[in-house]
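Before any comments, here is the structure.
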Amino acid sequence: MPKGFFTDTTVCIGCKACEVACKQWNQLPDDGMQFTGMSYDNTGHLGGSTWRHVSFIERPVPMGGADTAGMAWLMMSDVCKHCQRAGCLENCPTGAIIRTEFDTVYVQPDICNGCGYCVVGCPFGVIDRLHDDGRAWKCTLCYDRLKENMEPACAKACPTDSILFGEIEDLHVKARERVELLHERGVKEAYLYGADASSQPGTEGLNAFFLLTDKPEVYNLPPDPIAPAKKAREAWTSAGLASLGLLIAAAGAVLGSRR
Amino acid sequence: MSDGRFIDEEHGILAGEASHQRVRQSQDFPLTPRDETYPHTPTVVESDPTYYDKPVIKQAVWIWSVPAYLYVGGAGGAAMTLGAMAQVAGGWHLRPLVHRCRWIGATGGALSSILLVYDLGRPERFVYMLRVFRPTSPMSIGSWVLTFFGASAGAAAVFSRSGGFLGAVGDMAGLAGGFFGMPLAGYTSVLLSNSAIPVWQEARRSMPFLFIGSAISAAAAILNLFPLRKREARAVSTFAVLGGLLEIAGAAGVERETGAVPQVGRPLNHGVPGTIWKAAKILSTGGLILSMVPKKSRTMRRITGVLGTLGSLCVRFAVFHAGKQSAADPRATFRQQRARLS
Ligand code: SF4
């Protein structure tokens, strides 16, 4: 059964309970206490030991359907998207990154040899190789909890149900209803990001998708992410032709040396 | 506990997914405010918003040994292909060249493996590279190619002067090495472009020509550093000229492809990678011009070899560092994708 997250950013209150729950359940080490000066976001970005990250955007733009004195404060809990076409998985040369029975993307720490190729393969900048550890890490969608029929720690801890966990089909229905409701209430900006292959062909849909109220860029999300292997054909064709060039150059050199 | 998890092992157990993540022990994290303040509220007010100018994607974690491998593997591959061609069509005149090419190939193969293993986060697990074959991963394909290449180039080199059965084995291995040399010289460009890094991804059609041209130049340049007989020298010069032309054409192609969206091509014109890129073009053109001079003296050939080697090295390091810079720039990613959408 495909499982995933639907993160509704309109109800996120920025409490970071998800970040804490994730750290605690997975027993992740801390990443240092940094004061970034970026609104309430002192986490900065997702990384090898940060698998949930709440971003904070303060913007002087009024929000539809609400009287907010011309200001809006956006919050979004970011996470690995568990893409249908996952750049990390397709790039992994060891088979350490697998697709699980829940249709999620999981890195097997006992296999990963730290080649770093998944890091450049992810169009969302999610997965990272940890310097001290040498291996690549990211959100497992609580694979261990899923196997015990429990919901992931972040979704469990989220007090507003901004993070919804469930079967993808159900989440799609809920998400569409939510967008409709918001539109009725005047939040015309609301839309779904990465819900399916038609709206995001590059990844063929995300198992962790979002409801946003502004351009993806505002939340540090790419507007048109693509699994790199989808573009590889052109590169391989050129490489084939260029290899032929090498053969011709070698032949030219050898035959041309007779005189 | 001082590992940043704060779990007292008398009362709690470390069994979570990431409980075995290695971290430096007992760090004292200072509370460090950023000294620059933001002059404006980021986002929407601007036409192209970013998230506090933070990168969208991650930089490659690779170190210097990866661009060094791009050079070494390329040179080894191209040399092996030239060696195989000389073995088939060169007659006994070019036999010393065959011998030299095989040794360059074998050395290149061995050095390549060392450089790549050195870059791994868990070097002791390097054999896992051959655990599966994954056609969507150029790195998986490359690992297999490098394995076959290294084995055949090694055998070809060792039996290069043998006669009889061993000599025949060496010749067979020489052909195999020449065959695997072709993908080895070029797949690294696909490896880079098969990524989310804007400047690499956009250069996907032209980078293979640049890399193979650069590999040919590198192999010819190394050969130029050795004493060669007249006929060998002629062959090497032709090889260098053809490689140099391909390299320069490839570089022009890369500039054209990445220049379509200025923010994507920016790293090749600015900063450290921009400077290395410029040096690469000057050195390669210099090497090409010298290669075209007929009947060079020994010294002239040496200078040509040095220019070609430096040129090829600069190409690899420039492309590598351009990728690092491209990943750090959120606007490169955003504008590349917006251009695709419009
Ligand atoms: S978001 Fe990145 S790390 Fe997560 S599945 Fe997709 S490609 Fe992999």
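A few points about this structure:
- Only one of the numbered conditions (1) more than 9 Å from the ligand (Cβ to nearest atom); (2) more than 8 Å from every other protein chain (Cβ to nearest Cβ); (3) surrounded by 24 or more Cβ atoms within 10 Å (Cβ to Cβ) is not met by residue A:96, and that is (2).
- The single condition from (1) within 13 Å of the ligand (Cβ to nearest atom); (2) among the polar types (S, T, N, Q); (3) more than 9 Å from every other protein chain (Cβ to nearest Cβ) that residue A:91 fails is (3).
- Just one residue in the set B:163, B:213 is within 16 Å of the chain's Cα centre (by Cα) and within 26 Å of residue A:250 (Cα to Cα); that residue is B:213.
- Scanning the range A:200-215 for residues that are under 22 Å from residue A:181 (Cβ atoms) and of a type in the set (D, E, K, R) yields A:214, A:215.
- When the range A:207-217 is filtered for residues that are more than 17 Å from residue A:10 (Cβ to Cβ) and either more than 13 Å from chain B (Cβ to nearest Cβ) or in contact (Cβ under 8 Å) with a residue 12 or more places away in the chain (or both), only A:207 remains.
- If you go through the range A:159-184 and pick out every residue that is under 20 Å from residue A:141 (Cβ atoms) and of a type in the set (Asp, Glu), you end up with 4.
- Once the range A:76-88 is narrowed to residues that are of a type in the set (A, V, I, L, M, F, W, C) and more than 8 Å from the ligand (Cβ to nearest atom), the residue that is surrounded by the most Cβ atoms within 10 Å (Cβ to Cβ) is A:76.
- Filter result (within 7 Å of another protein chain (Cβ to nearest Cβ) and touching a Phe, Trp or Tyr at 6+ places or on another chain (Cβ under 9 Å)) within the range A:120-142: A:120, A:128, A:129, A:130, A:137, A:140
- Filtered residues of the range A:37-55 (kept if surrounded by fewer than 20 Cβ atoms within 10 Å (Cβ to Cβ) and touching a Ser or Thr at 6+ places or on another chain (Cβ under 7 Å)): A:37, A:42, A:44
- If you go through the range A:41-67 and keep only what is in contact with a Cys (Cβ under 8 Å, 6 or more places away or on another chain) and either assigned to a loop (DSSP other than H, G, I, E, B) or over 28 Å from residue A:168 (Cα atoms) (or both), you end up with A:46, A:51.
- As for the range B:172-194, it holds at least one residue that is outside any helix (DSSP H, G or I) and either in contact with a Leu (Cβ under 6 Å, 6 or more places away or on another chain) or closer than 25 Å to residue A:86 by Cα (or both).
- Condition check for residue A:248: aliphatic (A, V, I, L, M), facing chain B (nearest Cβ under 9 Å) and in a loop (DSSP other than H, G, I, E, B): no
- When residues of the range A:155-178 are limited to those that are under 16 Å from residue A:53 (Cβ atoms) and open to solvent by less than 10 Å² (accessible area, probe 1.4 Å), the one farthest from the ligand (Cβ to nearest atom): A:162
- Residues in the range A:106-137 that are at positive phi and near the ligand (Cβ under 9 Å from one of its atoms): A:125 only.
- Any hit, the range A:101-109, residues being facing chain B (nearest Cβ under 9 Å) and buried (at least 22 other Cβ atoms within 10 Å of the Cβ): no
- Residue within the range B:251-269 that is in contact with a Lys or Arg (Cβ under 9 Å, 6 or more places away or on another chain), part of a loop (DSSP other than H, G, I, E, B), without any contact (Cβ under 8 Å) to a residue 24 or more places away in the chain and more than 10 Å from every other protein chain (Cβ to nearest Cβ) present: yes
- The range B:129-141 - residue that is in a helix (DSSP H, G or I) and crowded, with 20+ Cβ neighbours inside 10 Å and, of those, farthest from the chain's Cα centre (by Cα): B:129
- Scan the range A:174-206 for residues that are of a type in the set (Asp, Glu), touching a residue at least 60 places away in the same chain (Cβ under 8 Å) and more than 19 Å from residue A:104 (Cβ to Cβ) and the total you get is 1.
- Condition broken by residue B:173, with the remaining ones in (1) open to solvent by 10 Å² or more (accessible area, probe 1.4 Å); (2) within 18 Å of the chain's Cα centre (by Cα) satisfied: (2)
- One residue from A:100, A:104, A:160, A:140 being free of Cβ contacts under 8 Å to residues at least 60 places away in the same chain and assigned by TED's automatic domain parsing to the domain that holds residue A:63: A:100
- Residue A:31 meets the conditions (1) in a loop (DSSP other than H, G, I, E, B); (2) among the charged types (D, E, K, R); (3) at the interface with chain B (Cβ under 7 Å from one of its Cβ atoms) in every case but one. The failed one is (3).
- Looking only at residues of the range B:274-293 that are surrounded by fewer than 17 Cβ atoms within 10 Å (Cβ to Cβ), more than 20 Å from the chain's Cα centre (by Cα) and free of Cβ contacts under 8 Å to residues at least 24 places away in the same chain, we find that the one that is farthest from residue B:248 (Cα to Cα) is B:293.
- Filter result (of a type in the set (D, E, K, R) and either within 12 Å of the ligand (Cβ to nearest atom) or outside the structural domain of residue A:126 (by TED's automatic domain parsing) (or both)) within the range A:194-223: A:204
- Residue in the range A:18-36 that is under 20 Å from residue B:49 (Cβ atoms) and surrounded by fewer than 20 Cβ atoms within 10 Å (Cβ to Cβ) present: yes
The values are calculated or read from the model by the stated rules, or taken from the named source; none is laboratory data. These numbers come from a predicted model, not from an experiment. Neighbour counts are summed over all protein chains in view; Cβ atoms, including those assigned to glycine, are modelled from backbone coordinates with ideal geometry. Note: areas computed on protein heavy atoms with side chains; ligands, DNA, RNA excluded. Shrake-Rupley method; radii C 1.70, N 1.55, O 1.52, S 1.80 Å.
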